[in-house]
Amino acid sequence: MDFELSETHQQLRDSVRDFAEREVRPKAIEWDKQERFPSEIVPKLAEMGLLGIRVPEEYGGAAMDTLSYAISVEEIARVDGSLALTVASHNGLGTGHVLAFGSEAQKKKYLPKACSGEWLAAWGLTEPGSGSDASGMTTTAKRDASSPDHWIINGAKMFITQGSVGGFCVVLAKTTPEKKQKGITAFIVEHGTPGFSASKHLEKLGMRSSDTCELSFEDVRVHDSQRLGAVDHGFLDTLTILDKGRVSIGALALGLGRGALELAIAYAKERKQFGKPIADFQAIQWMIADSKAELDAAALLVYRAAVLADAGRPFSREASMGKLYASEAATRACQRAVQIHGGYGYTREYQVERHLRDAKLCEIGEGTSEVQRMVIARHVLGG
Ligand SMILES: Cc1cc2nc3c(=O)[nH]c(=O)nc-3n(C[C@H](O)[C@H](O)[C@H](O)COP(=O)(O)OP(=O)(O)OC[C@H]3O[C@@H](n4cnc5c(N)ncnc54)[C@H](O)[C@@H]3O)c2cc1C
């Protein structure tokens, strides 16, 4: 092992790896081909504590730390990026937002159901017209003139993970539009609330068995008790949520890259050309060496961010560095893995092409690589 993990973290890695090998790997290719969210695996994720990783036990969670969250996501991603995206976003975004900023009543209502898998959590920030510049959102929440205890939400959200299979969605909306990012508030909207619908299942390059939807809000009326955090504080709270989310996307990329590298090593030892295993050729060895070195460097960056978060120290820059480096290293490692597999790597019968398609998302979701570079540069340069 390349990083000194505690015995507890090592045991967690072993048990999630065992679960992923038994329950996920045999089905991942099929789920991807069918582009179907595997709801049958949700109770098993819950049993493993993977739907409430950081949630305290009093709300039904596993009460683990951020490093455990990263290791869990990495191990699922080693065999299936889509399911890892479910675990990452459910824990880090929707559930994470309720955990970090919810009232006691909200925690009691939503967290036990999130941990048991009864209600998967979605999180809606991105819109059709606003992504990297999230403050450009146009979804609004206005006080209901006839009943000031209620809000009326109107707008649309784009690319929302668990958008149609989730039980509730944390949605960000402008409450004081003239204050731009300082005028945004978060709300919890339950599925079944009149006017709230998942309008489109999006077909994607990768992460195909993860549920990604466009959401629509038409005069959705919610009580003020569904407001999550202080009025006009949603955007600032979101930055905190995204920092932890970026640790998990870095870990997801790491798992995809490591999984592809393991497959490439096994294939290189077994496949013979010119009378010997292709692993004997220096060209193949160098690809394997580059992937191993880059992924181990990525692991150190991602784990460092997690450890800082657990120590209560600033980790925003480190989370961006981990996500940026791990996602780009994973794409390179997956490309090499396809190359090492030759023509077979290009077919859907082998797993490496799926890893490559899934890895690309890590350079885009929860802030593109360009946005991560902007965050890092801002920290380095100041201002
Ligand atoms: C599978 C999937 C799942 C997702 N899940 C969720 C989810 O659950 N919840 C959610 O809210 N969102 C989710 N997203 C949205 C994701 O976070 C956004 O796609 C991402 O933030 C980029 O936004 P955009 O797609 O609008 O791209 P844009 O912001 O339009 O960017 C387009 C290009 O321009 C570049 N660019 C933009 N601004 C700058 C700049 N200032 N300088 C340099 N380059 C710039 C970008 O880096 C990118 O290359 C998901 C996306 C996908 C694909």
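Residues of the stretch 132-158 that are surrounded by 18 or more Cβ atoms within 10 Å (Cβ to Cβ) and assigned to a loop (DSSP other than H, G, I, E, B): MET137, THR139. Within the stretch 166-190, the residues that satisfy the criterion of being at pLDDT below 95 and either under 16 Å from the mean Cα position of the chain (by Cα) or at positive phi (or both) are GLY166, LYS180. Selection of the stretch 197-249 for residues being more than 15 Å from VAL171 (Cα to Cα), hydroxyl-bearing (Ser, Thr, Tyr) and outside any strand (DSSP E or B) yields SER209, SER210, THR240, SER248. Of the residues making up the stretch 73-92, one or more are within 11 Å of the ligand (Cβ to nearest atom), among the hydrophobic types (A, V, I, L, M, F, W, C) and touching a helix residue (DSSP H, G or I) at 6+ places or on another chain (Cβ under 9 Å).
Just for the stretch 125-158: of the residues that are aliphatic (A, V, I, L, M) and near the ligand (Cβ under 8 Å from one of its atoms), which one is modelled with the lowest pLDDT? So that I can check it myself, show each step before the final result.
Start the filter on the stretch 125-158 by keeping residues that are aliphatic (A, V, I, L, M), which leaves 125, 134, 137, 141, 145, 152-153, 156, 158.
If we keep only those that are near the ligand (Cβ under 8 Å from one of its atoms) too, we end up with 125, 134, 158.
Numbers: LEU125: 98, ALA134: 94, MET158: 97.
Among those residues, the one meeting the criterion is ALA134.
Going by the structure shown, is SER248 surrounded by 24 or more Cβ atoms within 10 Å (Cβ to Cβ) and either at pLDDT below 95 or within 15 Å of the ligand (Cβ to nearest atom) (or both)? So SER248 passes the test.
Of all residues being basic (Lys, Arg) and surrounded by 12 or more Cβ atoms within 10 Å (Cβ to Cβ) in the stretch 1-44, which is farthest from SER210 (Cα to Cα)? Just the residue, please. Before the answer, list the steps.
Going through the stretch 1-44, the residues basic (Lys, Arg) turn out to be 13, 17, 22, 25, 27, 33, 36, 44.
Imposing the further condition that a residue be surrounded by 12 or more Cβ atoms within 10 Å (Cβ to Cβ) reduces the set to 13, 17, 25, 27, 33, 36, 44.
Values: ARG13: 23, ARG17: 20, ARG25: 15, LYS27: 14, LYS33: 12, ARG36: 7, LYS44: 16 Å.
Checking each candidate, the answer is ARG13.
When the helices (runs of 4 or more DSSP H) confined to the stretch 278-375 are screened for residues that are surrounded by fewer than 20 Cβ atoms within 10 Å (Cβ to Cβ) and either outside the structural domain of LEU256 (by TED's automatic domain parsing) or modelled with pLDDT of 95 or more (or both), those reaching at least 3 such residues are found at 282-310, 316-340, 342-345. Listed here are the helices (runs of 4 or more DSSP H) enclosed by the stretch 40-122 that have at least 3 residues being basic (Lys, Arg): 104-116. Pairing residues of the stretch 257-277 that are crowded, with 21+ Cβ neighbours inside 10 Å with residues that are among the basic types (Lys, Arg), at Cβ distances under 7 Å and at least 6 apart in sequence or on separate chains, gives ARG258/ARG78; GLY259/ARG78; LEU261/LYS292; ALA264/ARG336. Return yes or no: is ARG54 in contact (Cβ under 8 Å) with a residue 40 or more places away in the chain, over 30 Å from GLY312 (Cβ atoms) and either touching a strand residue (DSSP E or B) at 6+ places or on another chain (Cβ under 8 Å) or in the same structural domain as THR86 (by TED's automatic domain parsing) (or both)? Taking the combined requirement at face value, the residue does not satisfy it. Just so you know, in the stretch 159-171 the residues that are crowded, with 21+ Cβ neighbours inside 10 Å, outside any loop (DSSP other than H, G, I, E, B) and not aliphatic (A, V, I, L, M) include one that is nearest to the ligand (Cβ to nearest atom), and it is THR161.
The values are calculated or read from the model by the stated rules, or taken from the named source; none is laboratory data. Because the structure is a prediction, the values reported are computed rather than measured. So basically every Cβ, Gly included, is an ideal-geometry build from the backbone, and we count neighbours across all protein chains shown.
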